């Protein structure tokens, strides 16, 4: 996932495994642009697996 304004990599994944997490309060640390969505302070530790969710 890249910042829409400056193009910086904010979240880098390998399928479901999160390899890099650069969000600061849901925004880009380089330019401050908010990323659309709901984000925790830290990424979850799910590893390369899917989790069922109820919609």
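All of 26, 47, 32, 7 fail the test of being at pLDDT below 85 and either in contact with a strand residue (DSSP E or B) (Cβ under 7 Å, 6 or more places away or on another chain) or surrounded by 10 or more Cβ atoms within 10 Å (Cβ to Cβ) (or both), apart from 47. Residues in region 14-37 that are in a strand (DSSP E or B), free of Cβ contacts under 8 Å to residues at least 12 places away in the same chain and either closer than 22 Å to residue 50 by Cβ or in contact with a helix residue (DSSP H, G or I) (Cβ under 8 Å, 6 or more places away or on another chain) (or both): 19, 20.
The values are calculated or read from the model by the stated rules, or taken from the named source; none is laboratory data. Here the structure is a predicted model, which is why all the values come from computation and not from measurement. All Cβ positions, glycine included, derive from the backbone under ideal geometry; neighbour counts span all protein chains shown.
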